[in-house]
Amino acid sequence: MKIEKNIPLRKALSHRDKYKIVDELEVGDSILFEQYYAAHSATMRARRGKPERKFATRKEGDGHRLWRIK
């Protein structure tokens, strides 16, 4: 371990910004996430205020894929 100086602190992504890409998904599109939690959080963010949107998640290899199905 070493001490480093003058490393700028990057801006933290808000939950809203982090999963903003799911708003761009069209029916049939998918995104692969490394963790189930991330896929679930993205789904909840995408459905907020838009209950007509439907999504499905499935485990795929070491990750979890999120599809927009409606």
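Things to note:
- Scope segment 32-70; condition more than 17 Å from residue 20 (Cα to Cα), in contact with a Phe, Trp or Tyr (Cβ under 8 Å, 6 or more places away or on another chain) and of a type outside the set (D, E, K, R); matching residues: 56, 57, 63, 64, 69
- Test: residue in segment 46-69 that is surrounded by 10 or more Cβ atoms within 10 Å (Cβ to Cβ), at pLDDT below 85 and either part of a loop (DSSP other than H, G, I, E, B) or touching a Pro at 6+ places or on another chain (Cβ under 7 Å) (or both): yes
- Some residue of segment 2-17 being open to solvent by less than 80 Å² (accessible area, probe 1.4 Å) and β-branched (Val, Ile, Thr): no
- Number of residues in segment 19-45 that are of a type outside the set (Ser, Thr, Tyr) and surrounded by 14 or more Cβ atoms within 10 Å (Cβ to Cβ) equals 10.
- Residues that are in contact (Cβ under 8 Å) with a residue 24 or more places away in the chain, in contact with a Ser or Thr (Cβ under 9 Å, 6 or more places away or on another chain) and hydroxyl-bearing (Ser, Thr, Tyr) are absent from segment 38-61 altogether.
The values are calculated or read from the model by the stated rules, or taken from the named source; none is laboratory data. None of these values were measured; they are calculated from a predicted model. All Cβ positions, glycine included, derive from the backbone under ideal geometry; neighbour counts span all protein chains shown. These accessible areas exclude ligands, DNA and RNA; they are computed on the full protein's heavy atoms, side chains included. Shrake-Rupley method; radii C 1.70, N 1.55, O 1.52, S 1.80 Å.
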